[in-house]
1. Using θ = phi - 60° and the Karplus relation 6.51 cos²θ - 1.76 cosθ + 1.60, list the HN-Hα couplings for segment 83-97 in order, rounded to whole Hz, with x at every Gly or Pro.
2. Starting from the Cα-Cα distance between Leu146 and Lys48, subtract it from 0.36 nm times their residue separation and give me the gain in nm to one decimal.
3. So how long is each side of segment 116-191 along the principal axes, counting just the alpha-carbon atoms, biggest first, in Å?
4. For segment 1-119, rounded, prolate or oblate, judged on the Cα gyration tensor with a ≥ b ≥ c (square roots of eigenvalues), a/c < 1.5 rounded, else prolate if a/b > b/c?
5. Using the Karplus equation 6.51 cos²θ - 1.76 cosθ + 1.60 (θ = phi - 60°), what ³J(HN,Hα) coupling, rounded to whole Hz, does each residue of segment 148-156 give in order, writing x for Gly and Pro?
6. In whole Å, what are the Cα extents of segment 53-200 along the three principal axes, biggest one first?
7. Using 18 Å as the Cα-Cα cut-off, could you pick out the over-long pairs in Lys26/Lys63; Lys10/Lys66; Lys26/Lys75; Lys26/Lys66; Lys26/Lys57?
Amino acid sequence: MNYIYEAEGKTKGEAEQMALAALDVKEDEVTFEAVSSGKGFLGIVSRKPTIVRMFSKSVPVDKVIKGTVITLIRKMGLSVDQVTVVPEEESYLVQIETEDSAILIGKQGRTLDSLQFLMNCMVDSRLRNNRRVVLDVAEYRERRKLRLTKLAKAVADRVARTGQSVLLEWMNPYERRIVHLSLEPDERVTTRSDGNGVYKRVRVLPERGRGPDREPGRERNDRADKNDRGDRGNSGNSGSRDSQPIKERDFNRLPNSSEEEVDDRDFNR
């Protein structure tokens with residue numbers, strides 16, 4: 001069983017009281033284990049503090065999560081100002097306030113994702129009723145959600161206009177779900193995930209049977225441009241673009257001029 005909090009004090013009793021106060025739990029809800037007694041050779045008191053670890057007997061799950069998050073971050077050598085656990089329908093949202101927010105988030109949220117993975121491993125799934133633990137620092141998740149939603153809609157307009165699929169950046173499952181749900185009501189496009197492993201990329205494609213959006217007044221039988229003719233090849237078929245299958249590039253080769261690979265920076269400059 002993993003311990004849920006680690007505290008230190010001048011004496012064992014002081015360290016235990018600090019741990020109880022930090023999580024606001026009662027003494028009969030937990031047990032303690034001394035890691036360091038703070039005593040030196042022949043029982044002489046040393047300058048090292050006494051360290052105790054708190055184990056749960058009947059501590060509520062939100063306090064277990066809070067204590068585990070604080071201990072994990074402190075083990076990284078970082079500070080924690082405040083941790084708030086908000087129970088939601090499918091998850092426990094953990095809001096973290098710290099001066100080291102940039103370090104905890106990491107590049108594209110990779111460090112935060114790793115900490116979140118560890119938290120879901122450390123806190124028993126039966127204790128949290130199989131609800132996921134979601135970590136958020138400085139409202140990063142909410143800002144990222146708004147950014148991805150804006151990106152998804154911009155890419156959908158681009159795909160509908162050009163009739164060509166677009167491959168987005170690498171995303172974790174949570175971020176991919178945001179993109180899929182954002183474009184689900186859009187009848188012009190469809191989405192799918194490409195790749196293997198935890199991090200995959202979302203591809204936005206024109207809906208089957210739909211060609212690129214046309215300017216007002218242009219009919220389906222108007223003269224196609226040279227890109228349309230190039231897609232049809234030498235078949236000699238003069239039918240509409242709608243009858244042509246969507247070309248998909250191989251995921252393991254570089255994109256060519258007819259298929260673009262973008263990330264959110266393209267839409268922010």
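Derivation of every value follows stated rules applied to the coordinates shown; laboratory data play no part. Please read all numbers here as calculations on a predicted model, not as lab measurements.
1. So the Karplus estimates, Gly and Pro as x, are 10, 10, 9, 10, x, 10, 4, 10, 7, 10, 8, 10, 9, 10, 10 Hz.
2. 30.5 nm
3. 49, 25, 20
4. oblate
5. Per residue, the Karplus-derived 3J(HN,Hα) values read 5, 5, 5, 4, 4, 5, 5, 5, 4 Hz.
6. The Cα atoms of segment 53-200 stretch 60, 31, 26 Å along their principal axes.
7. Checking Cα-Cα distances, Lys10/Lys66; Lys26/Lys75 exceed 18 Å.
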